[in-house]
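A quick write-up on the structure given underneath.
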Amino acid sequence: MTYKLLLIDDEAPKVMAGVFKLFGKEQGYIFDSQTKVSGVPWELVDNADIIILDFSFPDNHTGVEFLRELRKARPSLQMPVVLLSAPNDIKDSEWQECLELGVNDFICKATPPQIVKRKVDSLLEGETYRRLSEQLKEKLHIEEAKSPVDSLDFGAISSLAPDADEWAYIFRIILKEGPLHRRETYGIFLAILNELLSRLAERMGKKI
């Protein structure tokens, strides 16, 4: 899978070569970059899987200005946003606004590249599952309209369903003990299964 990262930083080439040096194209990452906080093309924003935004720009501009504009132009956009900042860059009064504008994490440019990659990968993985979940819910809604869930024999199904502890054990085995190269695929199947089980549990009056 290829991820598209939008980097907005006045020193974008330098930051890509340093902070994000582990995010190579051969590893599945593609960077789009902008050096100004204003005038960012919306097509780059719409196509990005994550936005990585510098907090401080020349002439006293800040990344918060872009976020305000983003929320006005794209209020429903849910992709992760990472703010590049040193702890002393952001005033106490600005922290809350950053969170309200949808900042998911803060990374200092002095953070080791290995830690940066782990943080960003975690956000990208979460976004992948969120999108899959949305697609799944939409598909299930369509399928329910074709074949109502009420027609199923939930009494018979209930006798076959494992309890919560057994499901938790199965999930842990699949995600933690399975082959590394298959875990993303397993995760997708588990996301689908989890949605189905949640609906089934609600119908049966069980807690999964």
**Q.** Cα principal axis extents for segment 1-153, largest first, Å
**A.** 64, 36, 28
(Q) I'd like the accessible area for MET79: 1.4 Å probe, protein heavy atoms, all chains in place, Å² to the nearest 10. (A) 10 Å²
Q: Please sort 92-98, 19-25 by packing, taking for each peptide the average over its residues of neighbouring beta carbons within 10 angstrom, highest first.
A: 19-25, 92-98
**Q.** Descending semi-axes in whole angstrom, ellipsoid equivalent of segment 1-45, from the Cα gyration tensor
**A.** 19, 14, 5
Q: Relative to the compact-globule scaling 2.2 N^0.38 Å, provide the ratio for the alpha-carbon radius of gyration of segment 1-79.
A: 1.09
Q: Quick one: of LYS4/LYS109; LYS14/LYS91; LYS25/LYS117, which pairs are farther than 23 Å apart, Cα to Cα?
A: LYS14/LYS91
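The values are calculated or read from the model by the stated rules, or taken from the named source; none is laboratory data. As the structure is a computational prediction, the values presented were derived from the model and not from experiment. Cβ sites come from the backbone with ideal geometry, for glycine too, and all protein chains shown count toward neighbours. To get the accessible areas, we keep the full protein, side chains included, count just its heavy atoms, and leave off ligands, DNA and RNA. Shrake-Rupley method; radii C 1.70, N 1.55, O 1.52, S 1.80 Å.
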